[in-house]
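One structure below.
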Amino acid sequence: MRSGVCVGTHKNERIHVTTAMNTDIAGQERFWALVPMYYQGAQAAIVGFDVTDGCTVETCDHWIKELRTNRPDCVVVAVGNKIDLVESRKVSTEDARAHFETMNPSVPYFETSAKTGEGVNELFESLTRMIIERNTMKMGDNENETKEDAKEAKKDGEGETTKDGKCIIC
């Protein structure tokens, strides 16, 4: 599934546009060999597990390690899903949060229900903020970039804006 998202950050007259692509392999091992092509160029990754099955947390650990090895600049969050199945729950919020906080660096933890939609907006809003903050910090670190570089990028079609500063793609 691919969806367009416009995330604008402004520095030296440059607007960065981000496209979101969501890929779900449902933890199936037969797709593991394909995963690197999906996270290539990724700015963020949501690594999910089933709160009704404690073994799925270990699979999350595998993917977090994989992402940090191959995409060290990628924002990674962990998500416990199926929180609507309260009676079947095996992994508590406290245990999951503690587990992901012990990682180095710690991994932000969220909970969602795909069935009811609970927590989904919070997850994506928080993740978007994390991406913007990380990109803004990166832009602040790049002091060698000049207004001339930004103007040259604009000529190449990057970051086209209207007079009111809004992304024209959106």
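The values are calculated or read from the model by the stated rules, or taken from the named source; none is laboratory data. All of these numbers come straight from a predicted model, not from anything done at the bench. For neighbour counting, all protein chains shown are included, and Cβ atoms are generated from backbone atoms with ideal geometry for every residue, glycine included. For accessibility, only protein heavy atoms count, side chains too; no ligands or nucleic acids. Shrake-Rupley method; radii C 1.70, N 1.55, O 1.52, S 1.80 Å.
Looking only at residues in the range 104-116 that are of a type outside the set (Lys, Arg) and open to solvent by 40 Å² or more (accessible area, probe 1.4 Å), the one that is nearest to residue 79 (Cα to Cα) is 108. Summed over the range 117-143, the residues that are surrounded by 15 or more Cβ atoms within 10 Å (Cβ to Cβ) and not in a helix (DSSP H, G or I) give a count of 1. In the range 1-116, counting only strands (runs of 3 or more DSSP E) that sit wholly within it, the ones holding 3 or more residues that are modelled with pLDDT under 65 span 2-4, 19-21.
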